[in-house]
1. Using a Cα-Cα cut-off of under 17 Å, which aspartates and glutamates could be cross-linked to K381, ignoring same-chain neighbours fewer than 8 residues away?
2. Just to be sure I understand: with springs between alpha-carbon atoms less than 10 Å apart, which residue in L88, L202, L73 has the highest mean-square fluctuation in the Gaussian network model of the chain?
3. Add +1 for every Lys or Arg and -1 for every Asp or Glu among the other residues with Cβ under 10 Å from the Cβ of K272, and state the total.
4. What does the net charge come to around G260 if you take all other residues with beta carbon closer than 12 Å to its beta carbon, with K and R at +1 and D and E at -1?
5. Of the peptides 294-305, 51-62, 333-344, how do they stack up when ordered by the mean number of other Cβ atoms within 10 Å, highest first?
6. Have a look at L292, L212, L373 and tell me which one the Gaussian network model of the chain (Cα, springs below 10 Å) gives the largest fluctuation.
7. Give me the extension gain from V219 to L349: residue separation times 0.36 nm, minus the current Cα-Cα distance, reported in nm with one decimal.
8. Could you identify which residue out of L370, L123, L189 has the top mean-square fluctuation in a GNM of the chain using Cα springs shorter than 10 Å?
Amino acid sequence: MSTTADRRTPTILAAARKTLERPLASYQLVLGVTSILLGLGLIMVLSASSVFALTTADDSFYIFKRQLIFAVLGVIGAFVAANIKIDLLRKLVYPVLGVTTLLILATFIPGVGIEVQGNRNWLPLFGSFQLQPSEFAKLAVVLWTADLFARKERRIHEARHLLVPMIPVAGVIAMLVVAQGDLGTALVLFAVIVGMLWVVGLPGKYMGGVGLTVGALLVFFVATSPHRVIRMFSFLNPLASADSAGFQSVHGMMALATGGFWGVGLGGSRQKWGTLPEAHTDFILAVIGEELGLIGTFVVIILFGLLAYSGVRIATRTKDPFVRYSAAGITIWVITQAAVNIAMVLGLLPVIGIPLPLISYGGSSLLVTLVALGLLVNFAKTEPGAKRALAASRKRRGSLRSRLPKLQRR
């Protein structure tokens, strides 16, 4: 005997399928998911940083206000990115890559670059604000590679045209980031390089070589850095070094365990009171798990899953090769970074300094991620029927606004 729930399931699935078949589905998904993640991120930054900000700056809103400034700048940048013409964007690819590379090189200049926790990847802006050029390198590499592959579309079947000059240029930028001491950002760049080569269809034997090379480089960078070796061993058994190298992992897991299914309530985290290092940056998911519980953690994971689906949908439905490769690259970057951060907090990967996109505190990361997702919104307009559907939607809204005064007078 079928239940009411059994009868409703096909109806729900059919409605979902029909919704996803609409031309503006990707456009609305990227906008909606980005807005929710940004709002959740601002709320959680305020919650996770309030105690730390009060003890260090005598203002519990200090870190939140800084994040809010970059959020506003990021939303403005996303709006511009969502409306920029694709042809103009492609003209800006080389200047953006060049400026980003020069900014990364500037971090090595004594008296200019700023070292934070062993990573020399910051430049001073104004006041106490700083810029992290390596974050912008992710977007620059994605757009430059997409433009390169699009221009070589007719010779895309030849491996040498895929590998050169993509590997030398992107590889040098990734190595400069490694030289800054920022292996986390370099890991994302390596993932972008490998991922975009896979998307463009590099033959398997070459993909294997690129993958082995990247793997060997990562092992080398870990093995030649004492503090990374310590992190690796503490990852294997964090409880054995709970008072030293495993301290952050252990307290992150304690936060998740304390949260249980429903969480202790927004603002109720115990670990943020100085016990969990980087509670508002790299380990903000642990605070989400503690305050919002397993439900809150699942919501974050589902939202990133929807973002991944939207990016893949845009990349596979568009007819513009530059848009295809750019959408794929942005999706690989954001989802890889999110997956690594989530796995790190859950104890599935070693602790590595990498923020959770749109949620962790970090102005440079937030700003460039919003711009990248603004571009993804722009790319969604290239799907079949999307521009026509968007124009019709705007026309209906304009007609409704013009009729509102008349309706109100009645």
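1. Correct list for K381: E21, D87, D320.
2. Answer for the Gaussian network model of the chain: L88.
3. Within the 10 Å Cβ shell, the charges total -1.
4. Details: positive: none; negative: E290, E291.
So the environment of G260 carries a net charge of -2.
5. Top to bottom by mean Cβ count within 10 Å: 333-344, 294-305, 51-62.
6. Greatest mean-square fluctuation among the candidates belongs to L212.
7. On the way: separation 130, 0.36 × 130 = 46.80 nm, distance 1.41 nm.
Full-extension gain reported as 45.4 nm.
8. Looking only at L370, L123, L189, the largest GNM fluctuation is found for L123.
We did not get these values from a lab; they are worked out from the coordinates using the rules stated. As the structure is a computational prediction, the values presented were derived from the model and not from experiment. All Cβ positions, even for glycine, are placed from backbone atoms using ideal geometry, and neighbour counts span all protein chains on display.
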